[in-house]
Amino acid sequence: GESVGLHLPTLSVQEGDNSIINCAYSNSASDYFIWYKQESGKGPQFIIDIRSNMDKRQGQRVTVLLNKTVKHLSLQIAATQPGDSAVYFCARRGSGTYKYIFGTGTRLKVLA
Amino acid sequence: GAGVSQSPRYKVAKRGQDVALRCDPISGHVSLFWYQQALGQGPEFLTYFQNEAQLDKSGLPSDRFFAERPEGSVSTLKIQRTQQEDSAVYLCASSLGTDTQYFGPGTRLTVL
């Protein structure tokens, strides 16, 4: 069935280093991809998105890369800060649908 | 401005009871989504509204789950005859279109 999964359940990074969180998806019929950050007890918070006709998009300290050939999505966080500690989810929307499919999440731990 | 709000934040129900979960979306947002999030998992799509029309309810797990948005703003997710497997966080999200979604804090439902 359709799925969006993550390679690593937990990622520990030294403060100030760059973080890379990866996501693989199994169904290529997607037109839109999003990364969310979720802190304990809160709802997911939008970080950055990318459409399927793009392969890279940059925001403030974050970059999303989309490789449709290998069905891979990644989130890069520059100069990781303690406030970046959270669970990160990738999500995709099926083409022509309203349905979003989320991955299981990667916990990012920032070490001081 | 005000974000998405959900009430109650916590709900404890005895097995077999009916529950109603409320979502107040951001004013003017056309789209409203409901998700179910189990502990340690990503959100799972339940249903989608465009104004008052429920365009996709494919994620509702059983006919015990019912959602409505009668005036195209506030939405209620109702679960009848709750079961232990219904215990989860129920998230609501709204958006102007169908892209960037803004999530509420969720309602944590515990069925005893």
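The values are calculated or read from the model by the stated rules, or taken from the named source; none is laboratory data. Note that this is a predicted model, so its numbers are computed, not measured. Note that we place each Cβ from the backbone using ideal geometry, even for glycine, and neighbour counts take in every protein chain shown. To get the accessible areas, we keep the full protein, side chains included, count just its heavy atoms, and leave off ligands, DNA and RNA. Shrake-Rupley method; radii C 1.70, N 1.55, O 1.52, S 1.80 Å.
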Next item on the list: Could you look through region B:22-61, keep only residues that are more than 14 Å from the chain's Cα centre (by Cα) and crowded, with 17+ Cβ neighbours inside 10 Å, and pick out the one that is nearest to the other protein chains (Cβ to nearest Cβ)?
Entry: B:Gly42
Margin query: Can you report the number of residues in region A:31-55 which are over 16 Å from B:Gln37 (Cα atoms), facing chain B (nearest Cβ under 7 Å) and either open to solvent by less than 30 Å² (accessible area, probe 1.4 Å) or outside any strand (DSSP E or B) (or both)?
Written below: 2
Margin query: Just the residues that are touching a residue at least 60 places away in the same chain (Cβ under 8 Å) and either open to solvent by 70 Å² or more (accessible area, probe 1.4 Å) or in contact with a Cys (Cβ under 6 Å, 6 or more places away or on another chain) (or both), please, taken from region A:13-30.
Written below: A:Gln14, A:Glu15, A:Asp17, A:Asn18, A:Cys23
Check: Is there a residue being open to solvent by 50 Å² or more (accessible area, probe 1.4 Å) and touching a residue at least 60 places away in the same chain (Cβ under 8 Å) anywhere in region A:79-92?
Finding: yes
Margin query: Consider region A:93-107. How many of its residues are more than 10 Å from chain B (Cβ to nearest Cβ) and crowded, with 21+ Cβ neighbours inside 10 Å?
Written below: 1
